[in-house]
Amino acid sequence: MGKFEALVIIVNEGYSDKVMNIAREHGARGGTISNARGTATKDMEHKYGIVITPQKEMIYIILETKIKDKVMLEINKECGIDTAASGLIFSIPISNVSGIAE
């Protein structure tokens, strides 16, 4: 297993600072935030009983594999799909990375 993984977190607009604060509390050093727009259909809203907020924020965090599970768990607790942030989080293994200070 590699030493680093990338977390990708998609939340409703206005929740990226909360996500980053949680991540930092559990060992992440920083991240990158970009604006995005969701494209779910009205059928999804009716089927799952949720309101789709089109304006999203995407947070990208590269962190050490050994802390990934804890960071994901804590972000999911406070900003997961069942919260006002309506967050989705996933990880991607990284085979090589450059530009991160040890």
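Quick look at the values:
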{"item": "Gain in span if fully extended, D17 to D82, counting 0.36 nm per residue against the direct Cα distance", "result": "21.6 nm"}
{"item": "Sequence-distant aspartates and glutamates (8 or more away, or on other chains) whose Cα lies within less than 14 Å of K56", "result": "E13, D17"}
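We did not get these values from a lab; they are worked out from the coordinates using the rules stated. No experiment lies behind these values; they were computed from the predicted model shown.
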